[in-house]
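Peer 1: Dumping the structure here so I can ask a few things about it.
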Amino acid sequence: MNIQAIKGVKDILPDDMPAWQHLEATARRIFEDFGFSEIRVPVFEYTELFARTIGASTDIVEKEMYTFEDRDGGSLTLRPEATAGVVRAVIEHNLVHTDPALKVYALGPMFRRERPQKGRYRQFHQVDVEAFGFTSPTVDAETIELALAYLDACGVRQHELVLNSVGDRHCRPAYVERLRQALRDVAPAMCADCQRRADANPLRVLDCKVPEDQAAIDALPRITDHLCEGCAAHFGEVRRQLDLLGIPYRLSHRLVRGLDYYVRTTFEVTSDLLGAQSSVLGGGRYDGLVKDLGGPDAAGIGFAVGMERLALLLPPREAEPRCDVFLMPLAAAALDRALRLQRELRGAGLAAMLDPEGRSFKSRMKQADKLGARFVAILGDDEMARGAWTVRDMARSEQQAVPEEKILDHLKEKANG
Ligand code: ATP
Ligand code: MG
């Protein structure tokens with residue numbers, strides 16, 4: 001039996017890359033247009049970082065993390081999401097201290113031990129955006145605007161923005177208590193997960209997708225009816241600005257998100273083209289997280305886009321191979337000259353190639369076609385005798401003889417022209 005990839009982990013093959021490179025290049029372009037800089041943080045961290053930020057009784061920490069013992073006995077975890085590591089780095093390098101308003105984005109793989117299915121993998125990729133030091137609701141609206149601008153620039157059309165406020169440490173504890181009370185009566189008739197969460201983490205009950213539980217959940221108290229004055233005003237302003245910008249959204253009091261650190265604004269973008277795994281992007285505000293981890297009292301807000309799901313929303317993209325010059329040394333004695341010319345062309349920044357296997361003329365012409373070669377430069381016995389290459393312009397189907405001493409300049413000029 002040949003060794004295969006780990007279950008739930010996908011290879012991204014050369015044919016997939018045009019789509020991925022498009023998504024990554026678009027991320028860099030759009031995020032930088034909005035004033036964000038790239039940051040790269042490690043794919044593994046001390047386990048405690050995730051336990052402390054994401055929250056001990058969340059699905060991720062309870063059952064989805066890849067945690068292992070290091071050789072010195074320490075506990076390490078492959079990152080299940082990016083925010084925790086970015087916040088750690090921001091504190092460790094004093095980034096919010098030196099630049100009170102810090103805007104960063106990161107791209108890379110995340111790891112969660114979930115049940116693999118379409119759009120749900122054990123290694124998947126996110127592009128992640130985080131802004132630190134902003135408390136204004138304008139930044140909530142702008143962050144959402146950015147998320148949608150990115151999807152739009154990628155070419156995603158059919159999607160819906162879902163919006164909620166989960167309150168803050170002034171109003172949420174009382175709401176959670178109210179929820180816990182209400183669940184005491186109804187939870188025993190609900191699914192096993194809900195029964196377990198009803199007391200330990202009642203907000204998670206709102207995430208339940210079991211059809212039989214939906215009626216009971218819809219009758220539960222709603223966070224948006226119990227926001228404190230500050231949170232209600234903040235949420236009202238976020239909504240007003242989204243209206244102002246012409247960004248449509250659907251309110252959902254059940255959008256609590258799977259991580260404990262969120263406060264106030266939470267949002268998600270879903271697409272019914274994705275089937276059961278409908279969420280392509282999720283985010284929210286996390287004021288307090290930086291301070292909880294020992295940093296300054298800096299507000300935070302961000303979102304993460306799932307790249308695999310994003311790729312599923314877009315039509316496949318064809319590769320665009322680049323070959324400026326395909327060299328064809330046909331005579332045995334022509335190879336050395338062709339190798340030197342290839343090196344000179346590459347030195348001049350051109351994509352130059354030849355067939356190292358020395359196949360037939362016909363099969364080399366086929367290769368040149370497949371590579372999308374713009375020019376083919378032929379050096380056979382006749383050309384050697386004349387001291388001139390035959391250069392074929394593939395788009396125009398024209399040929400001309402170019403003397404040996406002019407060939408480099410000629411090809412440079414043609415290819416750059
Ligand atoms: P879901 O509800 O689908 O489990 P989530 O709330 O766990 O998503 P987040 O933690 O908010 O997701 O991550 C942001 C985005 O990352 C999601 O919207 C999704 O596109 C993507 N994502 C999350 N988990 C996976 C996974 N296991 N495989 C592929 N993409 C994922
Ligand atoms: Mg999840």
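The values are calculated or read from the model by the stated rules, or taken from the named source; none is laboratory data. The model shown is predicted, which means the values in this text are computed figures rather than measured ones. Positions of Cβ are backbone-derived with ideal geometry, glycine not excepted, and every protein chain shown enters the neighbour counts.
Peer 1: Going through Glu32, Glu45, Glu38 one at a time, which residue ends up being in contact with a Lys or Arg (Cβ under 8 Å, 6 or more places away or on another chain), surrounded by 12 or more Cβ atoms within 10 Å (Cβ to Cβ) and free of Cβ contacts under 8 Å to residues at least 60 places away in the same chain?
Peer 2: Glu45
Peer 1: While we're looking at this one, here's another question. Within segment 372-392, can you find the residues that are touching a Pro at 6+ places or on another chain (Cβ under 8 Å) and surrounded by fewer than 15 Cβ atoms within 10 Å (Cβ to Cβ)?
Peer 2: Matches in segment 372-392: Gly387 only.
Peer 1: Go over the candidates Leu273, Leu245, Leu227 one by one and state the one that is surrounded by fewer than 18 Cβ atoms within 10 Å (Cβ to Cβ), in contact (Cβ under 8 Å) with a residue 60 or more places away in the chain and away from ligand 1 (no atom under 15 Å from the Cβ).
Peer 2: Answer to the check: Leu245.
Peer 1: Where in segment 1-107 are there helices (runs of 4 or more DSSP H), lying wholly inside it, with at least 1 residues that are within 16 Å of ligand 2 (Cβ to nearest atom)?
Peer 2: Helices (runs of 4 or more DSSP H) meeting the threshold: 47-54, 83-92.
Peer 1: Could you say which residue among Val263, Val290 is in contact (Cβ under 8 Å) with a residue 24 or more places away in the chain, away from ligand 2 (no atom under 16 Å from the Cβ) and either touching a Lys or Arg at 6+ places or on another chain (Cβ under 6 Å) or among the basic types (Lys, Arg) (or both)?
Peer 2: The conditions single out Val263.
Peer 1: For residues in segment 344-369 being surrounded by 11 or more Cβ atoms within 10 Å (Cβ to Cβ) and among the charged types (D, E, K, R), which is farthest from Asn416 (Cα to Cα)?
Peer 2: Arg359
Peer 1: A further question on this structure: Restricting to segment 283-318, name every residue that is away from ligand 1 (no atom under 16 Å from the Cβ), closer than 16 Å to Ala84 by Cβ, out of contact with any Phe, Trp or Tyr (no Cβ under 6 Å at 6 or more places or on another chain) and not basic (Lys, Arg).
Peer 2: Our first condition is that a residue be away from ligand 1 (no atom under 16 Å from the Cβ); within segment 283-318, this holds for 287-288, 290-299, 315-318.
Filter once more, so that each one left must be closer than 16 Å to Ala84 by Cβ: 287-288, 290-295, 298.
Now restrict to residues that are out of contact with any Phe, Trp or Tyr (no Cβ under 6 Å at 6 or more places or on another chain): 287-288, 290-295.
Across segment 283-318, the qualifying residues are Asp287, Gly288, Val290, Asp292, Leu293, Gly294, Gly295.
Peer 1: Where in segment 300-411 are there helices (runs of 4 or more DSSP H), lying fully within it, with 1 or more residues that are touching a residue at least 60 places away in the same chain (Cβ under 8 Å)?
Peer 2: Output list reads 307-312, 335-347.
Peer 1: Go over the candidates Ala153, Ala131, Ala147, Ala174 one by one and state the one that is surrounded by fewer than 17 Cβ atoms within 10 Å (Cβ to Cβ), under 19 Å from the mean Cα position of the chain (by Cα) and of a type in the set (A, V, I, L, M).
Peer 2: After ruling out the rest, the residue left standing is Ala153.
Peer 1: Just a yes or no: is a residue in segment 111-122 assigned to a helix (DSSP H, G or I) and under 30 Å from Val43 (Cβ atoms)?
Peer 2: The answer is no; no qualifying residue exists.
Peer 1: For segment 303-355, what are the residues that are at pLDDT 95 or above, of a type outside the set (A, V, I, L, M, F, W, C) and under 30 Å from His125 (Cα atoms)?
Peer 2: Gly306, Glu308, Arg309
A quick yes/no check of all residues on (1) closer than 28 Å to Ala276 by Cβ; (2) touching a Leu at 6+ places or on another chain (Cβ under 6 Å); (3) among the acidic types (Asp, Glu); (4) part of a loop (DSSP other than H, G, I, E, B):
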| residue | (1), (2), (3), (4) |
| --- | --- |
| Gly167 | no, yes, no, yes |
| Pro173 | no, no, no, no |
| Cys194 | yes, no, no, no |
| Arg197 | yes, no, no, no |
| Val205 | yes, no, no, no |
| Ala233 | no, no, no, no |
| Gly236 | no, no, no, no |
| Arg240 | no, no, no, no |
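Peer 1: With the requirement that a residue be within 7 Å of ligand 1 (Cβ to nearest atom) and at positive phi, what does segment 100-128 give you?
Peer 2: Answer for segment 100-128, where residues must be within 7 Å of ligand 1 (Cβ to nearest atom) and at positive phi: just Gly119.
Peer 1: Ok, one more. Yes or no: segment 129-150 includes at least one residue that is of a type in the set (A, V, I, L, M, F, W, C) and within 16 Å of ligand 2 (Cβ to nearest atom).
Peer 2: Checking segment 129-150: not a single residue is of a type in the set (A, V, I, L, M, F, W, C) and within 16 Å of ligand 2 (Cβ to nearest atom).
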